[in-house]
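One structure below.
The numbers here are math on the coordinates, done by the rules we state, and not lab data. Remember, predicted model here, so these are calculated numbers, not experimental data. Glycine also receives a Cβ, built like all others from the backbone with ideal geometry; neighbour counts cover every protein chain displayed.
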Amino acid sequence: MKITEALIAEHGVFHGLFDYIERTAPGLKTLAEIKAVAGLLDATLKPHSRVEEELFIEPLDHCMDQLGQTQNFHGEHEEIEATLEEIQQSKTAKAARMLLLKAVLACRRHFDKEERSVFPMGERLLKAKTLSTLGSEWQRRREAASW
Ligand SMILES: [Fe+2]
Ligand SMILES: [Fe+2]
């Protein structure tokens, strides 16, 4: 399996999670409930972002620099994480809910950009052998649950 296929498969799980959060967020009345949902999203998203940075963006770094996207890419991961962490400091359910929906929207935009431009670019720039070697490393980490 190519690394891009593995990452897209992970995206599929997140798209379902984003739909669920957007559908249920208006009905979450307490701050604790919203913080729990944000914590779940943060805990599942972080390993995805880390593996993406290590097994896909780093091998592409020399090309990303040319396109001026590296900073932007890391920046978006950090920005999403910062918003999710901010929720844990929120004092009201209303503020936390707004931040949660803001984080989901930022995730959707980020994922969309990866699927429409970053992953196809990686498939053009990296050799088929490299893509499958990185895919094997992704599988090894998944099996070892070391991330
Ligand atoms: Fe990402
Ligand atoms: Fe991603």
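Counting Lys +1, Arg +1, Asp -1, Glu -1, what net charge surrounds GLU85 among other residues with beta carbon under 12 Å of its beta carbon?
Details: positive: LYS35, LYS46; negative: ASP42, GLU78, GLU79, GLU81, GLU86.
The answer is -3.
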Taking Lys and Arg as +1 and Asp and Glu as -1, residues besides ALA38 with C-beta under 12 Å from its C-beta add up to -2
Pseudo-spin-label distance ALA43 to SER132, built 7 Å along Cα→Cβ, given in nm, is 3.7
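Taking a 31 Å limit on the Cα-Cα distance, which of the listed pairs LYS102/LYS129; LYS35/LYS127; LYS46/LYS94; LYS2/LYS94 fall beyond it?
On the way: LYS102/LYS129 38 Å; LYS35/LYS127 42 Å; LYS46/LYS94 25 Å; LYS2/LYS94 42 Å.
Where the Cα-Cα span goes over 31 Å, the pairs concerned are LYS102/LYS129; LYS35/LYS127; LYS2/LYS94.
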Rounded to 0.05, the calculated FRET efficiency for the beta carbons of ALA32 and ARG108 at R₀ = 25 Å is 0.50
Here the relative contact order (percent) of the chain, from C-alpha pairs under 8 Å and at least 6 apart, is 45
Debye calc, one equal point scatterer per Cα of the range 79-147, no solvent, log10 I(q)/I(0) at q = 0.13, 0.19 1/Å comes to -0.61, -0.87
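Percent of alpha carbon pairs in the chain separated by more than 26 Å?
Numbers: 3154 of 10731 pairs.
When every Cα pair of the chain is considered, 29 percent fall beyond 26 Å.
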For the chain, whose charge dipole is built from +1 on Lys and Arg Cβ atoms and -1 on Asp and Glu Cβ atoms, the candidate among GLN139, HIS48, LEU17 with its Cα farthest towards the positive end is LEU17
For 102-110, 90-98, ranked highest to lowest by mean beta-carbon neighbours within 10 Å, the order is 102-110, 90-98
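Count charges around LEU131 for me, please; just the other residues with Cβ under 13 Å from its Cβ, Lys/Arg as +1, Asp/Glu as -1.
Numbers: positive: LYS2, ARG124, LYS127, LYS129; negative: GLU5, GLU123, GLU137.
So the environment of LEU131 carries a net charge of +1.
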Dividing the helical contributions, -39500 (n - 2.57) per DSSP H run of n ≥ 4, by the residues of the chain yields a 222 nm value, nearest 500 deg cm²/dmol, of -27000 deg cm²/dmol
